[in-house]
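Enquirer: Pasting a structure here, questions to come.
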Amino acid sequence: MSKSIQPITRRTWIKQAAAAAAGVALGDGMVLRAFAADKLVIGVIYVGPRDDYGYNQAQAQAAAMIKKMPGVTVLEQEKVAETIDVQKVMGSMVEQDGATLIFPTSFGYFDPHMLIMAAKYPKVRFAHCGGLWTAGKHPANTGSYFGYIDECQYLNGVVAGFTSKSKKLGFIAAKPIPQVLRNINAFTMGARSVDPKITTQLIITGDWSLPVKEAEATNSLIDQGVDVITCHVDSPKVIVEGAERRGIFVCGYHANQSALAPKGYLTGAEWNWITPYTTHVKDAMSGAPFKNFLRGGLKEGYVKMSPYGKAVSDAAKKKADGIQAAMMKGDYVIFKGPLKDNAGKVVIAAGTSLKQTDPVLEQMNYLVEGVMGKI
Amino acid sequence: MTDLGWWGVPIAVLGGALRVSTPFLFVSLGECITEKSGRINLGLEGILVMGAMTGYAASYTTGSPWTGVIAAGFAGLLLGTLHGLICSLPRVNDIAVGIGLMLFGTGFAFFLGKPYVQPKAPTLPAIAFGDWSSVPQIQAALKVNPLFLIGIALAFLLAWAFRNTRWGLVVRMVGDSSDAARAMGYRVNTVRTLCTAAGGFLAGIGGSFLSLYYPGSWSEGLSSGQGLMAVALVIFARWQPVNCFYAALLFGGAGSLGPALQSVGVTSGYYLFNAAPYVLTLGIMIATCSTRRSLAGAPGELSIVK
Amino acid sequence: MALARTGLGPAAEALAIPVGALLAGVVLFGLFVAVLGQSPLEVYGLIYKGAFASSFSWQNTLSRAAPLILTALCVALPAQAGLMVIGAEGALALGGLAAAVTGHGLDGAAPLAVKSAMLAAGLLAGGAWVAIAAALRQYRGVNETISSLLLTYVAIALFNHLVEGPLRDPASLNKPSTHPIGAANAIGSLPGLDVHWGLGFGVIFCVAMYVLVFHTTWGFGLRIVGGNARAARLAGLPVARLVVLACFLGGGAAGLAGATEVAAVHGNANASLIAGYGYTGILVAFIARQNPLAIIPVAVLLGGISASGGMLQRRLDMPDATVLVLQGMVFMLILASETLYGRFRIFRPREAEVATPAGKPA
């Protein structure tokens, strides 16, 4: 019985495949390109849903603003996995949609996926978020943009330091990678600049989006006496709502979550991706050379702070505004020596000042004194 | 807030057991009914997610979280009926249909749920059982949702019903020997479809707990396999509703062990702690099964034991 | 003379019913889409464009189909032995990890040897993992569907723990991964195509398994076990060994998928390896009715649907869950269509001609 089935299936498939290949829609590429012939076609790729109240939403907000620019078509695709998927999506955007500027927004798209595609399509610009673009190592049509959001986490910490009564802060992180550690450290240092006795309790959930784990972590921290929480996960929604429900304070991250926590939201560290997006789009439209390495903090407009919430005291506002002004002038150094990690070792020698652009910071692998936790 | 130190861990585990166990409880009770009648429904994951989405959407639209719960149950009822009807056709494999339903239910829920990720829906209230204590952590741990209490009552009710009512006997008979049931004049497929529908109703309610109480919002990563775990739970509980309750508590507690330990300073190996419930189930299944009396108490008609 | 009743035969039936169900699923999806206010024809057109219309789409489709072919075997081979195993994802993860560790460890030796070692390591790791579920079933009576599911979760937890901990490459800061296997050891693309060799391995493995299961004595024994284990035991077949070996081969296929993903796509093992290929493989196996050869076209079909999802998102602004709904509908209908086998007269096998004595009316 089964012996006779398969040859027909296989033969039929081969016939079908041959027919399809032979009947390739010739005008396919031409028709598609015609639909966007006179406009700059931009592709934006998200690793998660656009409306996650977090990382992807911050990117989508910038994309939405770009859409309004004249002469621009923006095509977005969400929930693209960091595998061969994203290579094919990028290829599809270039070949089938005629895109010439692509924003792969998730860190994991950089190596090897984007690099392979960039080598394949040298005329297309690839602007990656967060990757460590290095001249000479990576192709000239790739680049990365990122913001020093740790400046905002520092300010979060300052406000948290003023507001906390128990002197115990909490930080829920997804993975202990340098970008996250930098935030944890900046938050703690900001709080300890207000009161050196403040400690930050760290919980690592293990992955970028685990709502139940994040809720458990929030409750766990609160049970331990924490009264201000912040986080670095893809979608802070659960953590912010959990904190509000239990009546403690929360500092936001990625995007503005104040709507979710009207009483407890102090302030938040937000991305302002429209700045690098606009730079890249304008350059693409005018034909200017592609800017490979874009970094900036509060001063350059790559990040911003959410408006203060109700619970923030005037003293806190004054101190935080003062520091923010110094940061806007480029005068403020967060990571300077002597700095010890939470095991007592000196990680930044006395007298050393690390500016935000210093590449050493992008390889951070320690937790500063005052953080309760291990990586 | 008083600093409890290491005492924080068992309290957090207790709190987690009370909180996180509720979806497990409802889904496993529903699957218990389904499997007692001789069907296995692996699509509960899809029904759970669909219930979460429907509950949240209904609560947002009507402003009442309890309406959301009922709507979620209704959505689960529909999907359960779909499963039951398809499996009633001869030669259809119920395990495969379950996997298909899991895919379909999840996809459908994500699709329809897009507009509900941003808005904030009213959530279910909690009953504070811990107010006798002045310790805030105990108060928080003992904040219990009414659904949890309903679930406990349901577990005992089902156990009693399976033993003492005519309906319970019919279900068990259909599950143990469809020939005997047919001989008695009962339509086997109808009974099974009704049981699967009831199972879907409970699973939908379990899902609504996730979106309307804990974690209390709708998003696409809400479920991490709870529906599938509940199927394991039922086998682990030997198809006894009251055992399902204990097993659900165990799972809920095991799930909050990781974060609880981290908050007192035990930080390494958090992935392994997160795997605790699964290892636990596997261990207990290995310890209690044997080729001779494997799955004692299993309904005879269940496809996985035949 | 009575006319013989001619029929198209079971081969046509096995093709027509699934294809019919597929078409019904597509039509149902069209209705769903119409209810949402989109034009079904436009949607169909975009799905075709995204999946099969150009050389680029074909290669997109085939790239996505490659891992599915192997993970589907992880379900189909145990199914031939009567077991329902859904642990492909875990086997894939551990297979990939084993390959990454092997590749890095042997880096420097002749590339061909390293590549072979990586693939072998992946196969062994994946095979061993699923064989655990089979052994648990044979020797402890633990249901293999549940145990393979639990083992998948455990495997993923183990994978994450090792990749971010003991096996982590210190240079992989922002994306924890194992040490790279080295460019010399990467597996390349099929000649002339932009699709990696995983597709080739998958097709070869499927054909080999088809021959093994349907054209050898061993395979015949396996299918007897799958049909009725008790009868097989009475007939003296070594049931335990057959079952465990079938599961080992299935798990090995999934492990090979993981190894290929590491060697041809990522270059190391990291969290992106766990992308749901195992679960989609379950779908492929069922639609292909557990037949290794049929897995190939079905995987291509599902790869195509997945490839077209992007077009639907970008052109029609439809959520990415749209293709999940399409897959779910098709799957449910194909499963439901199982019941139609043997019902249609047109497919009934030929009956012999009835010769009546001359002179009498038929």
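Every number in this text was worked out from the coordinates using simple rules, so none of it is lab data. Just so it is clear, the structure is predicted and the values come from calculations on it, not from any experiment. No Cβ is skipped: glycine too gets one built from the backbone with ideal geometry, and neighbour counts run over all protein chains shown.
Enquirer: At 7 Å along Cα-to-Cβ for each site, give me the label-to-label distance between A:Thr357 and C:Asp317 in nm.
Expert: Calculated label separation equals 4.0 nm.
Enquirer: List the aspartates and glutamates whose Cα lies under 17 Å from the Cα of A:Lys374, skipping any in the same chain that are fewer than 8 positions away.
Expert: Within reach: A:Asp207, A:Asp341, C:Glu164.
Enquirer: For chain A, modelled as a Gaussian network with Cα springs under 10 Å, which listed residue fluctuates most, A:Thr188, A:Thr357, A:Thr230?
Expert: A:Thr357
Enquirer: From the backbone phi of the stretch A:86-102, what are the Karplus-calculated ³J(HN,Hα) couplings (6.51 cos²θ - 1.76 cosθ + 1.60, θ = phi - 60°) in whole Hz, Gly and Pro given as x?
Expert: Ordered by residue, 3J(HN,Hα) equals 5, 4, 5, 5, 4, x, 5, 4, 6, 7, 9, 10, x, 6, 10, 9, 10 Hz.
Enquirer: Add +1 for every Lys or Arg and -1 for every Asp or Glu among the other residues with Cβ under 15 Å from the Cβ of B:Phe111, and state the total. Before the final figure, lay out each step's value.
Expert: Numbers: positive: A:Arg50, A:Lys79, B:Lys114; negative: A:Asp51, A:Glu78, B:Glu220, C:Asp317, C:Asp320.
Taking every Cβ under 15 Å from that of B:Phe111, the sum is -2.
Enquirer: Further, regarding this structure: How far is helix A:55-67 tilted off the main Cα axis of chain A, in degrees rounded to 10, range 0 to 90?
Expert: Helix A:55-67 sits roughly 60 degrees off the main axis of chain A.
Enquirer: First select every other residue whose beta carbon is under 11 angstrom from the beta carbon of B:Ala181; then total the charges, Lys and Arg +1, Asp and Glu -1. Each step should come with its number before you reach the end.
Expert: Working: positive: B:Arg172, B:Arg182, B:Arg187, B:Arg192; negative: B:Asp176, B:Asp179, B:Glu301.
Within the 11 Å Cβ shell, the charges total +1.
Enquirer: Related question: Give, in whole angstrom and from largest to smallest, the semi-axes √(5λ) of the equivalent ellipsoid of chain C, with λ running over the eigenvalues of the Cα gyration tensor.
Expert: 39, 29, 18
Enquirer: Please order A:Asp111, C:Asp169, A:Asp234 by the number of other Cβ within 10 Å, starting at the fewest. Don't jump to the answer; show the numbers that get you there.
Expert: Details: A:Asp111 21, C:Asp169 18, A:Asp234 24.
The most exposed by this proxy come first: C:Asp169, A:Asp111, A:Asp234.
Enquirer: Could you list A:Val312, A:Val233 so that the one with the fewest beta carbons within 10 Å of its beta carbon is first and the one with the most is last? Walk me through the intermediate numbers first.
Expert: Working: A:Val312 19, A:Val233 27.
In order of increasing Cβ crowding within 10 Å: A:Val312, A:Val233.
Enquirer: Sum -39500 (n - 2.57) across every DSSP H segment of at least 4 residues in the protein assembly as shown, then divide by the residue count to get the 222 nm mean residue ellipticity, nearest 500. Kindly include the intermediate steps, with their values, before the conclusion.
Expert: Details: 38 runs with 596 residues, N = 1043.
Rounded to the nearest 500, it is -19000 deg cm²/dmol.
Enquirer: Given the Cα atoms of the stretch B:5-305, and with Rh set as the inverse mean 1/r over their pairs in the Kirkwood sense, what is Rg to Rh to two decimals? The partial results should precede the final answer.
Expert: Details: Rg = 19.2 Å, Rh = 19.5 Å.
Reported Rg/Rh, Kirkwood definition of Rh: 0.98.
Enquirer: Please express the Cα-Cα pair-distance distribution P(r) of the stretch A:52-162 as a list of whole percents, one per 10 Å bin, running from 0 to the bin with the greatest distance.
Expert: 12, 41, 31, 11, 4, 0
Enquirer: Ok, one more. Given Cβ point charges of +1 (Lys, Arg) and -1 (Asp, Glu) and nothing else, what value in debye, to the nearest 20, does the dipole of the protein assembly as shown about its Cα centre take?
Expert: On the way: 79 positive and 56 negative charges, 303 e Å.
With Lys and Arg at +1 and Asp and Glu at -1, about 1460 debye.
Enquirer: Between the stretch A:184-238 and the stretch B:19-84, what is the separation of their alpha carbon centroids in Å?
Expert: 32
Enquirer: Here's another thing I want to ask about it. Charges only on Cβ, +1 for Lys and Arg, -1 for Asp and Glu: so what's the dipole of the stretch B:113-229 about the Cα centre, in debye to the nearest 20? Before the final figure, lay out each step's value.
Expert: Details: 9 positive and 4 negative charges, 65 e Å.
Approximately 320 debye in magnitude.
Enquirer: If you don't mind, there's one more thing I want to ask. Taking the dipole about the Cα centre of chain C, with the C-beta of Lys and Arg at +1 and of Asp and Glu at -1, give me whichever of C:Gly255, C:Asn185, C:Pro111 is farthest to the positive side.
Expert: Among C:Gly255, C:Asn185, C:Pro111, the one farthest towards the positive end of the dipole of chain C is C:Gly255.
Enquirer: For helix A:211-223, report the angle its Cα long axis makes with the longest principal axis of the Cα atoms of chain A; keep it between 0 and 90° and round to the nearest 10°.
Expert: Orientation of helix A:211-223: about 0 degrees from the principal axis.
Enquirer: On to the next question. Given C-alpha coordinates of the protein assembly as shown, what is the ratio Rg to Rh with the Kirkwood estimate of Rh? Could you put the intermediate results ahead of the total?
Expert: On the way: Rg = 29.3 Å, Rh = 30.0 Å.
Ratio of gyration radius to Kirkwood radius for the protein assembly as shown: 0.98.
Enquirer: What is the spin-label model distance, in nm, from B:Ala153 to A:Lys165 if the labels are put 7 Å beyond Cα along the C-beta direction?
Expert: For B:Ala153 paired with A:Lys165, the spin-label model returns 3.7 nm.
Enquirer: FRET efficiency for A:Lys263 and A:Asp314, Cβ-Cβ distance as r, R0 = 22 Å, nearest 0.05? Walk me through the numbers on the way to the answer.
Expert: Values: r = 18 Å, r/R0 = 0.82.
E between A:Lys263 and A:Asp314, to the nearest 0.05, is 0.75.
Enquirer: Mind pulling up the Rg/Rh value for chain A? Radius of gyration and Kirkwood radius, both on Cα. The partial results should precede the final answer.
Expert: On the way: Rg = 23.7 Å, Rh = 22.3 Å.
Result: Rg/Rh = 1.06.
Enquirer: Note down the net charge around C:Ala131, summing +1 for each Lys or Arg and -1 for each Asp or Glu among other residues with Cβ under 13 Å from its Cβ.
Expert: Values: positive: C:Arg137, C:Arg241; negative: C:Glu144.
Its environment carries a net charge of +1.
Enquirer: Quote the relative contact order of the stretch C:67-301 in percent (integer), defining contacts as alpha-carbon pairs under 8 Å separated by 6+ residues. Present the calculation step by step, with values, prior to reporting the outcome.
Expert: Values: 480 pairs, mean separation 101.9, N = 235.
Computed value for the stretch C:67-301: 43 percent relative contact order.
Enquirer: Dipole of the protein assembly as shown (Lys/Arg Cβ +1, Asp/Glu Cβ -1, origin at the Cα centre): which of A:Leu169, C:Val265, C:Leu326 lies farthest to the positive side?
Expert: Positive-end residue among those listed: C:Leu326.
Enquirer: Relative to the longest principal axis of chain B, what angle (0 to 90°, nearest 10) does the C-alpha long axis of helix B:65-88 take?
Expert: So the helix axis and the longest Cα principal axis differ by about 30 degrees.
Enquirer: Remind me, relative contact order of chain A in percent, using alpha carbon pairs under 8 angstrom and six or more residues apart? If you can, show how the numbers build up before the last one.
Expert: On the way: 750 pairs, mean separation 60.7, N = 375.
Value for chain A: 16 percent.
Enquirer: Also: Hey, with R₀ at 25 Å, roughly what FRET efficiency would A:Lys374 and B:Trp6 work out to, going by the Cβ-Cβ distance, to 0.05? Could the numbers behind the result be given before it?
Expert: Values: r = 17 Å, r/R0 = 0.68.
The calculated FRET efficiency here is 0.90.
Enquirer: Cut-off 10 angstrom, C-alpha nodes, Gaussian network model of chain C. Which of C:Gly192, C:Gly20, C:Gly103 fluctuates the most?
Expert: Looking only at C:Gly192, C:Gly20, C:Gly103, the largest GNM fluctuation is found for C:Gly192.
Enquirer: With a Förster radius of 25 Å, plug the Cβ-Cβ distance of C:Arg233 and B:Ala180 into 1/(1 + (r/R0)^6) and report the FRET value to the nearest 0.05.
Expert: Values: r = 27 Å, r/R0 = 1.09.
After rounding to 0.05, the efficiency reads 0.40.
Enquirer: On to the next question. With only Lys, Arg, Asp and Glu charged, each at its Cβ (+1 for the first two, -1 for the last two), find how big the charge dipole of the stretch C:67-301 is about the Cα centre; round to the nearest 20 debye.
Expert: On the way: 10 positive and 7 negative charges, 159 e Å.
Taking the Cα centre of the stretch C:67-301 as origin, the dipole is about 760 debye.
Enquirer: I've got another one for you. Mind checking which of C:Arg289, C:Arg64, C:Arg348 has the largest fluctuation in a GNM of chain C, springs on alpha carbons under 10 Å?
Expert: C:Arg348
Enquirer: Let me ask something additional. For each of A:Tyr154, C:Tyr341, count neighbouring Cβ atoms within 10 Å of the residue's Cβ, then give the residues from fewest to most.
Expert: Working: A:Tyr154 28, C:Tyr341 14.
The order, fewest Cβ neighbours first, is C:Tyr341, A:Tyr154.
Enquirer: Would you list the membrane-span-like helices of chain C, meaning whole DSSP H runs whose alpha-carbon atoms span at least 20 Å along their axis and whose mean Kyte-Doolittle value is at least -1.0? Numbers along the way, then the final one.
Expert: On the way: long enough: C:9-35 (39 Å, 2.01); C:55-80 (36 Å, 0.73); C:88-105 (25 Å, 0.94); C:111-140 (42 Å, 0.99); C:144-164 (29 Å, 1.18); C:198-215 (24 Å, 2.10); C:239-260 (31 Å, 1.67); C:292-316 (36 Å, 1.17); C:321-336 (22 Å, 2.37).
Within chain C the helices that satisfy the rule are C:9-35, C:55-80, C:88-105, C:111-140, C:144-164, C:198-215, C:239-260, C:292-316, C:321-336.
Enquirer: If contacts are Cα pairs under 8 angstrom and at least 6 residues apart, what is the relative contact order of the stretch B:5-305 in percent? Don't jump to the answer; show the numbers that get you there.
Expert: Numbers: 579 pairs, mean separation 112.3, N = 301.
Over the stretch B:5-305, the number comes to 37 percent.
Enquirer: Follow-up. Can you flag which of A:Lys282/C:Lys175; A:Lys317/A:Lys355; A:Lys237/A:Lys263; A:Lys197/A:Lys304; A:Lys39/A:Lys304; A:Lys123/A:Lys282 are past 20 Å Cα-Cα? Kindly include the intermediate steps, with their values, before the conclusion.
Expert: Values: A:Lys282/C:Lys175 31 Å; A:Lys317/A:Lys355 25 Å; A:Lys237/A:Lys263 15 Å; A:Lys197/A:Lys304 28 Å; A:Lys39/A:Lys304 31 Å; A:Lys123/A:Lys282 16 Å.
Cα-Cα > 20 Å for A:Lys282/C:Lys175; A:Lys317/A:Lys355; A:Lys197/A:Lys304; A:Lys39/A:Lys304; rest within.
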